[in-house]
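Where a number appears in this text, it was derived from the coordinates with a stated rule and is not lab data. Note that the structure is a prediction, hence the values are computed from the model and not measured. Here the Cβ is made from the backbone with ideal geometry for all residues, glycine too, and neighbour counts use every protein chain on show.
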């Protein structure tokens, strides 16, 4: 079983839609949860970082973590064509030296 | 603040040839990572350095891959000899650990095609 499972999509939504991206993980030892955005032919860039269960909001983005279910989500409100990218969830723990364990990434296309 | 620099951006080689990638991390970042990202997959850790020492190289195919970080700054990753399955994007990331948290910053990657 992979450490992090993520549906690769692709996901296509119209501009203005609410997008929901999800991941599950298997090892409860991981303490930190991130979402990275990766545009085509670019390196991943950090979008959201959280370490506790609950919601964390940053502008149009909300990260949600449920440690009891080992489930993490990213919600994008009022999606824009510029949000079209691959979204990677990642988990991190002190026991693994803070190296990131990534999901496969979900490809998102927001159409005008 | 300058980001993580990587070169070359693209490389095409034939199988059994050798290739080297270079990474210059963000100034002051003690930790450096090399990840391999195969098309359609998330990045996978190859090796982690803390200053110039190796923290984790358990997923590095040591029969063909090697990496070094001399003087605890720049790093090189080498593949010799390359195989077709090494075609991927090689990402370098650096981080600064503050307290119990750590944020990794990625470079643009080197895209390798092995023919």
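Can you tell me which condition residue A:97 does not meet? The list is (1) buried (at least 19 other Cβ atoms within 10 Å of the Cβ); (2) within 11 Å of chain B (Cβ to nearest Cβ), and all the others hold. Unmet condition: (1).
In this entry, residue B:48 is excluded by the filter for residues that are in a loop (DSSP other than H, G, I, E, B) and within 14 Å of another protein chain (Cβ to nearest Cβ). Is it the case that residue B:12 is in a strand (DSSP E or B), over 24 Å from residue A:45 (Cα atoms) and in contact (Cβ under 8 Å) with a residue 24 or more places away in the chain? It is true that residue B:12 is in a strand (DSSP E or B), over 24 Å from residue A:45 (Cα atoms) and in contact (Cβ under 8 Å) with a residue 24 or more places away in the chain.
What residue, among those in segment B:51-68 that are in a loop (DSSP other than H, G, I, E, B) and out of contact with any strand residue (DSSP E or B) (no Cβ under 9 Å at 6 or more places or on another chain), is surrounded by the most Cβ atoms within 10 Å (Cβ to Cβ)?
Kept after step one, since they are in a loop (DSSP other than H, G, I, E, B), are these residues of segment B:51-68: B:51-52, B:57-64.
Checking the rest, the ones that are also out of contact with any strand residue (DSSP E or B) (no Cβ under 9 Å at 6 or more places or on another chain) come to B:62-63.
On the way: B:62: 11, B:63: 8.
Ranking the qualifying residues of segment B:51-68, first place goes to B:62.
Among the residues making up segment B:80-115, those that are more than 11 Å from chain A (Cβ to nearest Cβ), over 21 Å from residue A:48 (Cβ atoms) and assigned to a strand (DSSP E or B) are B:88, B:112, B:113, B:114.
Taken over segment B:36-58, residues that are in contact (Cβ under 8 Å) with a residue 12 or more places away in the chain and over 18 Å from residue A:94 (Cα atoms) amount to 6. Restricting attention to segment B:69-79, the residues that are under 10 Å from the mean Cα position of the chain (by Cα) and either part of a loop (DSSP other than H, G, I, E, B) or without any contact (Cβ under 8 Å) to a residue 60 or more places away in the chain (or both) add up to 3. Listed conditions (1) more than 24 Å from residue B:9 (Cβ to Cβ); (2) away from chain B (no Cβ under 14 Å); (3) surrounded by fewer than 21 Cβ atoms within 10 Å (Cβ to Cβ) are all met by residue A:56, apart from (2).
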